[in-house]
Amino acid sequence: MTKIRSTTVLAIVHNGKVAIGADGQATMGNTVAKSNVRKVRKLQNGKIAVGFAGSTADAFTLIERFEDKLSSYGGNMKRAAIELAKDWRTDRYLRKLEAMMIAATKDEVLVISGTGDVLEPDNQIAAIGSGSMYAQAAATALKKHASELSAEEMVREGLNIAADICIYTNHNLVIENLD
């Protein structure tokens, strides 16, 4: 799987709710270019939430293509993700895009990459970006041992822990919820 640096995105499905969040830092090389980038979006009239890591322009291109696929497949997220991943891997133009995506509904979460992967992660926790392993480890522990927390609280804490450790992740968080 492609290693995307310079952000952290975390999504959790917990107790019938989903939260997806990301930090707001954009870097150019080893310099912070902007600290409040919005890396999560709601699609399909709020039924699907997506988050991206990698090149912002590339991610917006992928989100537009994903929206087209969702429209073509009646809002079926998994089918749209598979078709996007196939195009992404085989299309000469899309193949050069450097980004990853997480897509989530209230029932499932998927990681979509340019290598053709559409992964349904264990424990309904997905993370991408440079701080992803820190955020995922924190979220896994919280989901296992602090079940009274909401999905949003787990995402917030996981991202804050990643921001404390990863130099490419900041504390300016944007979190979207789906019920």
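Readers should treat all values here as calculations from the given coordinates under stated rules, not as data from a laboratory. Predicted model, so just to flag it, every value in this text is computed and none were measured. Neighbour counts are summed over all protein chains in view; Cβ atoms, including those assigned to glycine, are modelled from backbone coordinates with ideal geometry.
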Over the alpha-carbon set of region 8-174, divide Rg by the Kirkwood Rh and report the Rg/Rh ratio to two decimals.
-> 0.96
Compare the Cα positions of GLY51, THR31, THR61 along the charge dipole of region 4-80 (+1 at Cβ of Lys, Arg; -1 at Cβ of Asp, Glu; about the Cα centre) and return the one farthest towards the positive end.
-> GLY51
Taking Cα pairs closer than 8 Å and at least 6 residues apart, the relative contact order of region 1-151 in percent is 31
Amide H neighbours of THR7 under 5 Å, counting only residues 5+ apart in sequence or on other chains, H built in-plane at 1.01 Å?
-> SER130, GLY131
Expected 222 nm ellipticity per residue - DSSP helices of 4 or more, -39500 (n - 2.57), all of the chain, to 500 = -11000 deg cm²/dmol
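If the only charges are +1 at each Lys and Arg Cβ and -1 at each Asp and Glu Cβ, what is the size of the charge dipole of the chain around the Cα centre, to the nearest 20 debye?
Details: 22 positive and 21 negative charges, 84 e Å.
Dipole about the Cα centre, nearest 20: 400 debye.
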How far is the Cα center of region 120-179 from the Cα center of region 25-58, in Å?
-> 16
